[in-house]
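Notes to accompany the following structure.
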Amino acid sequence: MEEIRLDKYLWAVRIFKTRSDAADAVRNNRVTVNNSYAKPSREVKIGDIIAVRRQAVTYQYKVLDLVSSRQGAKLVPNYCLDITPQEELDKLNAPRETIFVFRDRGTGRPTKKERRELDSLMEGMFYDDEE
């Protein structure tokens, strides 16, 4: 076995749950091979670097060996090596900037006036940072 399809490899080493999910990610340019976009049918070779973008993090994997059937989680390190930089992994632990306005239980939905006040507060917070 010298080469294998990209979508099949990503599925076999458990990066994606299904092969169709892997193919969709490749088609939507969330996967690169050796810093270039690819098609799901692209042939993967030993030594290739595969980058997979999921939300804010770009994971990087090095192909160690080729495999065509889905592997158990314990066997995956035999076929690919996770070389994701620590800076990317730190993005997972970054505090999320969400604002939660506490309302007493039973007060219902905000009135129009309360909603306008909340919106103006939010606009002030987001536009102050850009200046």
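No lab work stands behind these numbers, since they all come straight from the coordinates. The shown structure was predicted, so the numbers you read here are calculated from the model rather than taken from an experiment. Reconstructed Cβ throughout: ideal geometry from the backbone, glycine too, with neighbour counts over all protein chains shown.
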Fill in the blank from the handout: Along segment 67-83, Karplus-curve 3J(HN,Hα) (6.51, -1.76, 1.60; θ = phi - 60°) to the nearest Hz, with x for Gly and Pro, reads 8, 10, 10, 5, 9, x, 4, 6, 8, 4, x, 6, 10, 8, 10, 7, 10
Exercise for the section: Mind giving me the nanometre distance, one decimal, between the label points for residue 104 and residue 28, set 7 Å out from Cα along Cα→Cβ? Expected result: 4.4
Exercise for the section: Please turn the phi angles of segment 50-66 into ³J(HN,Hα) values with the Karplus equation 6.51 cos²θ - 1.76 cosθ + 1.60 (θ = phi - 60°), one per residue in order, whole Hz, x for glycine and proline. Expected result: 10, 10, 10, 8, 10, 6, 8, 9, 10, 7, 10, 10, 10, 7, 9, 7, 9
Practice task
List the residues whose amide H sits under 5 Å from the amide H of residue 14, counting only those 5 or more places along or on another chain, with H placed 1.01 Å from N in the peptide plane.
Solution key: 71
Fill in the blank from the handout: From fewest to most C-beta neighbours within 10 Å, the residues 6, 89 line up as 89, 6
Problem - Per-residue Cβ neighbour rank within 10 angstrom, fewest leading, 37, 79, 61, 9 - result: 37, 79, 61, 9
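With runs of 4+ DSSP H residues as the only contributors, calculate the mean residue ellipticity of the chain at 222 nm using -39,500 (n - 2.57) per run, divided by the residue total and rounded to the nearest 500.
Rounded to the nearest 500, it is -10000 deg cm²/dmol.
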Practice task
Please work out which option in (1) 2, 11, 18, 18, 14, 9, 7, 6, 5, 4, 3, 1, 1, 0; (2) 2, 11, 20, 20, 16, 12, 9, 6, 3, 1, 0; (3) 2, 9, 15, 16, 12, 7, 6, 6, 8, 8, 6, 3, 1, 0 gives P(r) over Cα pairs in 5 Å bins from 0, in percent calculated from these coordinates, and answer with its label.
Solution key: (3)
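GluC sites (Glu not before Pro) within segment 1-97: which are DSSP loop residues with at most 15 other Cβ atoms inside 10 Å? Could the numbers behind the result be given before it?
Working: sites: 2, 3, 43, 87, 88, 97; in loops: 2, 3, 97.
When the GluC sites (Glu not before Pro) of segment 1-97 are filtered for loop state and at most 15 Cβ neighbours within 10 Å, 2, 3, 97 remain.
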